[in-house]
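Contents: one structure, followed by commentary.
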Amino acid sequence: RSGGYRTLNTVFKHLLAYGFACVIIRPESDEERVKRGRYAVAQCLRVGTYAMGVDEYGNVDRVVRHFAFTAEQLARQFGKDNMPDAVLQALEKGSDQMFETWNLIEPHYKDFRSDAKDFRLSYKDFTYRSIYWLNGAQGANNGVLAVRGYKWNPIVAPRLEFEIGDIYGRGRGADSLGMVRGLQTACEDDLDISGQNAQPAVCAS
């Protein structure tokens, strides 16, 4: 019910091509879905939109990622009270402008001091914290949208062929990259020659 089985298919593809994958397991926020027995959501992150960090044992314990939301989506996700001025203006206009949103998930150490009370949320009992913000935003909380927490490590990050000290693995895609580039070059040359020999000559990308 969490979508975990569907997510596994994407995870295997990422492992094969890149050697690593990253899944976030987050609690379900939709009350109706919770009533139907869905308590968590498994979300596989898109390669190129995140970076991972590891602890002293090589386990992935932090992720920073970015994605784009419209003003309406931001308001639904985080509420209007914490919206920066630019988002509020776009919301009033009904604009479909996209805002680049950042999220950091990291261990929450007990001696950490924060202003979480500003968000009407105390996460002192959580072992991981999750911070959402908009870069360079002006207005409420200087662009910080929310500070949330997890009672477990929500990051599941399988990796292939990695050693302690490494962060990312190595997939089969890296092994075949040279051959793929050679094949692309050969196809481009073949297309170019074919276009020149055509009567009249044609141009194609």
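No lab work stands behind these numbers, since they all come straight from the coordinates. In this text the structure is predicted, and so the values were computed from the model without any measurement. Note that each Cβ is placed from the backbone with ideal geometry, even for glycine, and that neighbours are counted across all protein chains shown.
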Mean Cβ neighbour count within 10 Å, used as a protection proxy, ranking 58-71, 11-24 highest first: 11-24, 58-71
Built amide H within the under 5 Å cut-off of residue 127, gap 5+: 150, 151, 152
Ordering of 185-191, 166-172 by packing [mean C-beta count within 10 Å, highest first]: 166-172, 185-191
Gain upon complete extension [residue 163, residue 184; 0.36 nm per residue less C-alpha separation]: 4.3 nm
Two-site label geometry, residue 174 and residue 191: point separation in nm, points 7 Å out along Cα→Cβ: 2.9 nm
Label-point gap, in nm, between residue 26 and residue 55 - each point 7 angstrom along Cα→Cβ: 2.3 nm
10 Å beta-carbon shell around residue 106, net charge (K/R +1, D/E -1): +1
